[in-house]
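The values are calculated or read from the model by the stated rules, or taken from the named source; none is laboratory data. Because the structure is a prediction, the values reported are computed rather than measured. With ideal geometry, Cβ positions are generated from the backbone for all residues, glycine too; neighbour counts draw on all protein chains shown.
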Amino acid sequence: DASANMEMMDNRYTYMRHPILLRFYSFVGINYVKRNAQHGARGGHIDVRVSVIPVYVWWNPYNVDMTFTGADGGPWGSYFGEHRYMPIMQTNNYSRMQANLIENWDPSSATYSESPFSPYSPNDGYNNRQIADFGASFRKTSELLSGGVGKAGEPSVLKAGEIVIFAHPVVAKIEHGNAVTQSKANKNDIRVDNFAFKEGWTQDPGQVSSYAINQADGIQYQYLSGSGYEDRGTAMMSIKFAEDLNDLNYTPHNIVLCTKYTDEFSSQSKKLGTLVMVSGIMNPRQLGQSGSLSDGSDPAVFDKAMPGILNLNWGAWEKPLLDQVKLPADMFLDNEGPDDNRKRRGFYGTAAEDSTFVAYYGVSVKWGKTPVIGTY
């Protein structure tokens, strides 16, 4: 019947139909939140937030419509966290400062950490860590309810030849206390498919800033690039990918997908350099079940898992730029007033709702090329 023909996997057929990945990318962004009370140690009014936003683009190459569901009712899904694919690490000259920036800061000799980009850091509170990733499906709609409980809509249906972009649900309130923060506080983010992807990308600032992670509180305006001051230095961050498993202090090694799906990985080689993605049909009995951030376990959420071993070939991830990511002043608005000391600290200004992207990276499937493992 017509509905069976639309299913991705049916026991009556000898092959599995599924969408083709055209593009996966992650945006690394920065935004600010204004704090009313001056920070006791750092002396400023600007809280710095960072975010990594994943986006998928899927294509239905068949001449019939395709429902993103398997024969047993499991939805088509993927992992999405940067700690799964290419763990990101950062260091900076401002998060540990006491009134002044760290002197003689050199990213080439500084200590990098996967905090706050990894959800596994035991020292990071729920405001200060990335959301957990135990798989997410692709749906027509998706939203976060009170307490950060995910509400996934019906599985997506891609029309014949249709290309659709998918992103995480939008959250209107971007400050602390929004549904994303609540999901971590209430341990809903560790549930399988709590952050189902929805169809479409919106220009609402909450598409990005609501997923921002608390990185540093109380930075002073005078340290922002372009503030007109900067006589005492400029607040900067350096970002890089973890180069081998020894770089990871918190993230369990088995969580990084290349440790499971690449032949090159062994006890003799702990290098990280391959982006391994996993998509497939999710186990419907796993949806809503809880994973764990404390014991390093990784539940088998896919009935049909399709790993793809890929090379990053798309984005703006230039080492000279990322060695010195300067915190921009133009994201902190209207900081004008009669008292120069207060202006230096950011007393008068307001934080822009938008985020600024400092880097992005991903995979783009190129036409006319032999498909890589896992894309078909």
query = Here is a list of conditions, (1) of a type outside the set (Phe, Trp, Tyr); (2) crowded, with 23+ Cβ neighbours inside 10 Å; (3) farther than 30 Å from GLY349 by Cα, and VAL208 meets all of them except one; can you say which number that is?
reply = (3)
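Would you call ALA185 touching a Lys or Arg at 6+ places or on another chain (Cβ under 9 Å) and within 23 Å of VAL149 (Cβ to Cβ)? Give the derivation first.
Values: touching a Lys or Arg at 6+ places or on another chain (Cβ under 9 Å): no; within 23 Å of VAL149 (Cβ to Cβ): yes.
So ALA185 fails the test.
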ask   = Can you pull out the residues in segment 299-314 that are surrounded by 17 or more Cβ atoms within 10 Å (Cβ to Cβ) and either at pLDDT below 80 or within 20 Å of the chain's Cα centre (by Cα) (or both)?
value = VAL301, PRO307, GLY308, ILE309, LEU310, LEU312
query = Taking segment 315-351 on its own, how many of its residues are surrounded by fewer than 17 Cβ atoms within 10 Å (Cβ to Cβ), among the aliphatic types (A, V, I, L, M), at pLDDT below 95 and not in a helix (DSSP H, G or I)?
reply = 1
message = Out of everything in segment 35-56 that is buried (at least 19 other Cβ atoms within 10 Å of the Cβ) and aliphatic (A, V, I, L, M), what residue ends up being farthest from GLY77 (Cα to Cα)?
response = ILE46
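Going by the conditions given, is LYS187 within 14 Å of GLY288 (Cβ to Cβ) and assigned to a strand (DSSP E or B)?
Details: within 14 Å of GLY288 (Cβ to Cβ): yes; assigned to a strand (DSSP E or B): no.
Against the criterion (within 14 Å of GLY288 (Cβ to Cβ) and assigned to a strand (DSSP E or B)), LYS187 does not qualify.
Residues VAL278, VAL301: which one is farther than 22 Å from PHE241 by Cα and in contact with a Leu (Cβ under 9 Å, 6 or more places away or on another chain)? Even if it seems obvious, please write down each step before you answer.
Values: VAL278 fails: farther than 22 Å from PHE241 by Cα.
Only one candidate passes the filter, namely VAL301.
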query = If you check ILE281 against the conditions, is it under 21 Å from PRO116 (Cβ atoms) and not in a loop (DSSP other than H, G, I, E, B)?
reply = no
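Among the residues of segment 87-100, is any outside any strand (DSSP E or B), of a type in the set (A, V, I, L, M, F, W, C), within 30 Å of GLY308 (Cβ to Cβ) and at pLDDT 90 or above? Break it down stepwise before answering.
Applying the first criterion (outside any strand (DSSP E or B)) to segment 87-100 yields 87, 93-97, 99.
From what is left, the residues that are of a type in the set (A, V, I, L, M, F, W, C) are 97, 99.
Subsequent filtering for residues that are within 30 Å of GLY308 (Cβ to Cβ) retains none.
Checking segment 87-100: not a single residue is outside any strand (DSSP E or B), of a type in the set (A, V, I, L, M, F, W, C), within 30 Å of GLY308 (Cβ to Cβ) and at pLDDT 90 or above.
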note = Within segment 116-139, of all residues that are in contact (Cβ under 8 Å) with a residue 24 or more places away in the chain and charged (D, E, K, R), the one surrounded by the most Cβ atoms within 10 Å (Cβ to Cβ) is ARG139
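Looking only at residues that are in a loop (DSSP other than H, G, I, E, B) and in contact with a Phe, Trp or Tyr (Cβ under 9 Å, 6 or more places away or on another chain) in segment 352-372, which one is modelled with the highest pLDDT? Please lay out each step first, then the result.
Looking only at segment 352-372, we keep the residues that are in a loop (DSSP other than H, G, I, E, B), and these are 352-355, 365-372.
Okay, now just the ones that are also in contact with a Phe, Trp or Tyr (Cβ under 9 Å, 6 or more places away or on another chain), so 352, 355, 365.
Values: ALA352: 93, SER355: 89, VAL365: 67.
Applying the filter and picking the extreme gives ALA352.
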key: Pick from segment 33-84, criterion touching a Gly at 6+ places or on another chain (Cβ under 9 Å), among the hydroxyl-bearing types (Ser, Thr, Tyr) and assigned to a strand (DSSP E or B), ranking: modelled with the lowest pLDDT   = SER51
